[in-house]
Structure formats: C-alpha cells, structure tokens
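The values are calculated or read from the model by the stated rules, or taken from the named source; none is laboratory data. Note that the structure is predicted; figures quoted are calculated from it, not measured. Every residue, glycine among them, receives a Cβ derived from its backbone with ideal geometry; neighbour counts consider all protein chains shown. Each accessible area value is taken on the protein alone, full model and side chains, heavy atoms only, with ligands, DNA and RNA left out. Shrake-Rupley method; radii C 1.70, N 1.55, O 1.52, S 1.80 Å.
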Amino acid sequence: ARMTNARILKLVLGVASAGLALVAAFAITSLVLIIAGDPVGDVWSTILTVPETRNLANIINNATVLYLSGLAVAVGFRMNLFNIGVDGQYQLAAMLSAAVGGAAVLRDLPGPLLLVAMVLVAVVTGAAWAGIAGVLKVTRGVSEVISTIMLNAIGGGIVAYLISERGFGVLPPGGNITTTRTIPAGAWVPDIPLIPGARSGVFGFLLVAIVVGIGYWWALGRTRPGFDLRAAGANAPAALASGVDVRRMVVTAMLVSGGLAGLVGLPLMLGEYHHFTSQFPAGIGFTGIAIALIGRNHPIGIAFGALLWSFLDRSQQILDLESIPKEIVQILQGVSVLAVVVAYELVRRVVVRLEQRRVGEELGTAVPTGVPA
C-alpha cells in the first residue's frame with residue numbers, strides 16, 4: 001500500500017511540477033513583454049487563440065514529426081547518452097529511403113512492399129549512422145556529443161553530394177530545386193480524415209508514431225533488455241556488477257535511437273512531399289531534445305510536449321501576421337524547457353527525500369526475525 005501511495009504521489013508531483021513550470025514560463029515571458037513595452041494582453045490572446053479547424057491538422061502533422069524526434073532522443077537519455085545527431089540521421093535516412101522508393105528498378109514493386117522497403121532502409125540507415133557514435137564511445141572513449149555533432153555535418157554533406165553529383169537527384173521540369181525522383185503513388189501513406197471540416201487530413205504515419213510510442217513504453221518498461229538499458233543509464237558501475245554488459249547497452253541504445261531517428265522524415269516524405277528535397281525542415285533533431293526534456297522521456301509526456309511545441313509554432317506564424325514580434329514564442333519555448341527541467345529536478349529531490357523517510361520508518365519499526373513482537 002505504501003509503495004502504491006508513493007507512486008501516486010510521484011505521479012501527482014510530476015503533473016503538478018509540469019503545470020507550475022508552464023505557469024512560471026508564462027510569467028517570465030510576460031515580464032519580458034512588459035520590459036520590452038509590448039501589449040501583454042494582446043500577445044497572449046493571440047497566442048492562446050483556439051486554432052481554426054484548418055490549422056488543427058497542421059498542428060497534429062507537425063507534432064507527429066516532433067514526437068518521433070523526441071522518442072529518438074529519449075532513448076539515448078534513458079541510457080544517459082546525449083544523441084545530438086538526430087538531425088543528420090533523419091536527413092540521411094530520408095534521402096536514401098526516397099532514393100530507393102524512386103529507383104527505376106523498384107518502381108514496379110507492389111506499393112505496400114515498396115513502402116515496407118523504404119521504411120526498413122530509413123530505420124537501418126539511421127541506426128547505422130548513430131551506431132558509429134556508439135562504437136566510437138565504447139572503443140575509443142569518444143563523447144557521443146562530439147561524434148554526433150560531427151556526423152551531422154558529414155551526413156548533410158553526403159546528402160548534398162549524392163543528390164547533386166551522383167545521380168540521386170533530378171531537376172523537376174520548371175523547377176530550380178534538385179530532388180530525388182518522385183515515389184510511386186502506390187507507396188504513399190494516405191491522410192486520415194480525422195478532423196471534420198479540415199482542408200486536409202492528418203498524416204497516416206500518425207498511426208505508426210502511436211505504435212512506436214507504445215513499443216517504446218513496453219520495451220523499456222516491460223522487457224529485460226529495457227530494464228538493463230535503464231539500469232546501465234542510471235548507475236553503470238552497479239549495472240556492470242550485476243552482470244549487465246554496459247558497453248553493449250551503449251551501442252544498443254545508439255542503434256535504437258538512430259533507428260527511431262530514421263523514421264522522423266517519413267511522415268513528411270510519404271504524406272506530403274513524396275520525394276526528398278533540400279527544403280526538408282532542419283533542426284527537428286534539436287527540437288526533439290527539448291521535447292524529450294519537457295516530456296521527461298515518457299511517451300505520453302513527449303506527446304504532450306510535441307503538441308505544445310507544434311501549437312506554439314503555429315502561434316508564431318499568427319503573431320507574424322499581426323505584426324507582433326514572433327520571437328516571443330521562441331523565448332516562451334526556451335523558458336518553458338528551462339522551467340520544466342528545474343521543476344523536474346526539484347520533484348526528483350522531493351521524491352528521494354520522501355523515499356528515504358519511508359525506508360527509515362520501515363527500518364525503525366521493523367521487528368528483527370526471531371524476536372517476539
């Protein structure tokens with residue numbers, strides 16, 4: 001009963017801390033507006049306006065991409081690894097996947113089979129690119145932060161080289177931007193008419209993102225490899241003493257993180273662009289870091305963080321139309337991340353203190369074996 005109460009208390013504290021952190025972020029941002037002389041009420045009324053029906057699908061679509069990015073980063077965080085290379089991993093994976101989908105020798109494959117091949121190529125490419133950083137860490141002690149930053153630059157260079165110099169790209173008639181060949185329509189993922197009245201549906205890849213989130217929760221929380229990964233991330237020496245191969249867990253975590261990163265570009269490519277282009281949004285991997293922090297590496301929390309971030313991005317566009325400095329949204333996003341991180345750390349310390357008190361009470365009231373009560 002005490003364990004159940006402790007878990008409930010931890011959950012309540014976690015939810016309350018997230019709410020208080022957002023309140024603090026709004027308060028700090030309001031202070032910035034006051035100092036800058038901007039109309040606080042007008043800014044907040046514009047930002048917090050209920051989205052129109054036509055914008056809801058865009059918010060969910062953007063959140064789907066950000067959610068996959070947040071999950072990819074969260075896997076590394078659970079292993080105490082900082083995978084900053086999601087951006088390079090997703091772009092390289094999306095480009096090679098699109099090249100496979102548009103290849104002349106594969107265009108006659110049945111659409112579902114070609115789609116599966118493209119997804120596998122994306123996952124394997126992302127995993128392999130992130131795995132380089134994992135291998136460097138366990139064999140040469142290279143920080144994954146440094147190696148993934150370098151791999152981002154290398155990956156971007158490879159993408160540009162293959163598209164422009166090695167025949168992976170074509171110049172569409174009347175266009176001035178080189179892209180990969182268009183994927184056959186049979187391999188597209190159709191939209192889901194989820195929102196009545198919206199101009200377009202949400203990405204069909206949303207269903208895949210939901211399945212990936214459930215798989216992330218189950219694998220890390222309900223399987224032995226997931227337990228080993230979390231144990232190695234929490235306390236590597238203790239995990240090693242209990243028989244966990246920490247080096248293998250490092251490589252495994254980077255492979256899984258990179259594999260998830262490989263999926264990040266697929267909602268856009270299979271649901272909107274239908275080819276890879278240099279116009280693909282950059283910085284999604286870095287946004288995923290913020291979302292994983294906001295969501296505290298939990299799939300539901302990450303979903304909330306992705307929706308919040310996507311909603312604020314939409315607000316940024318509206319502010320620009322209203323001639324209000326859109327940078328205020330960037331300030332709000334940054335302050336929100338800092339506030340959430342601080343709040344979660346405070347909650348962690350409170351939970352640790354409560355747990356120590358509970359253990360002390362149990363040890364103090366326990367009756368030694370063989371001694372009459």
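For a quick protection proxy, order the peptides 96-106, 80-90, 57-67 by their average other-Cβ count within 10 Å, most packed first. Walk me through the numbers before you get to the answer.
Numbers: 96-106: 20.4, 80-90: 26.4, 57-67: 24.0.
Put in order of decreasing packing, that is 80-90, 57-67, 96-106.
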Q.
Exposed loop sites here are GluC sites (Glu not before Pro) in DSSP loop states with at most 13 other C-beta atoms within 10 Å. What is the longest stretch of the chain lacking them?
A. 53-321
Q) Carbon and sulfur: what percent of the chain's accessible surface (1.4 Å probe)? A) 67
Q | Exposed trypsin sites (Lys or Arg not before Pro) absent: longest stretch of the chain, with sites in DSSP loops and at most 10 other Cβ within 10 Å deemed exposed | A | 200-373
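Stretch Phe82-Val105 to full length: gain in nm at 0.36 nm per residue minus the Cα-Cα span?
Stretched fully, the Phe82-Val105 segment lengthens by 4.4 nm.
If you roll a 1.4 Å probe over the heavy atoms of the protein chains, what accessible area per residue do you get for segment 252-373, in Å²?
Numbers: 6020 Å² over 122 residues.
It amounts to 49 Å² per residue over segment 252-373.
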**Q.** HN-Hα J in Hz across segment 305-316 - Karplus 6.51, -1.76, 1.60, θ = phi - 60°, x for Gly and Pro
**A.** x, 5, 5, 4, 5, 5, 4, 5, 4, 5, 5, 4
Q) Can you list residues whose amide H is under 5 Å from Val202's amide H, if they're 5+ apart or on another chain and H is modeled 1.01 Å from N? A) Ile192, Leu194, Ile195
Q | FRET efficiency, 1/(1 + (r/R0)^6) with R0 35 Å, evaluated for Leu207 and Val350 via beta carbons | A | 0.40
Q) According to the square roots a ≥ b ≥ c of the eigenvalues of the Cα gyration tensor, what is the shape class of segment 111-246, taking rounded for a/c under 1.5, prolate for a/b larger than b/c otherwise, and oblate for the remainder? A) oblate
Q) On a 0 to 90 degree scale, rounded to 10, what angle separates helix 206-222 from the longest Cα axis of the chain? A) 30
Q. Could you state the number of Å between the C-alpha centres of segment 5-81 and segment 144-163?
A. 30
Q. With each pseudo-label sitting 7 Å past Cα toward Cβ, what's the Met150-Ile35 distance in nm, one decimal?
A. 3.9
Q.
With +1 on the Cβ of every Lys and Arg and -1 on the Cβ of every Asp and Glu, and nothing else charged, how large is the dipole of the chain about its Cα centre, in debye rounded to the nearest 20?
A. 1160
Q: Take peptides 114-122, 184-192 and line them up by average Cβ neighbours within 10 Å, highest first, as a rough protection proxy.
A: 114-122, 184-192
Q.
I'd like to know how the chain sits against the 2.2 N^0.38 Å rule of thumb: what's its Cα Rg over that expected value?
A. 1.12
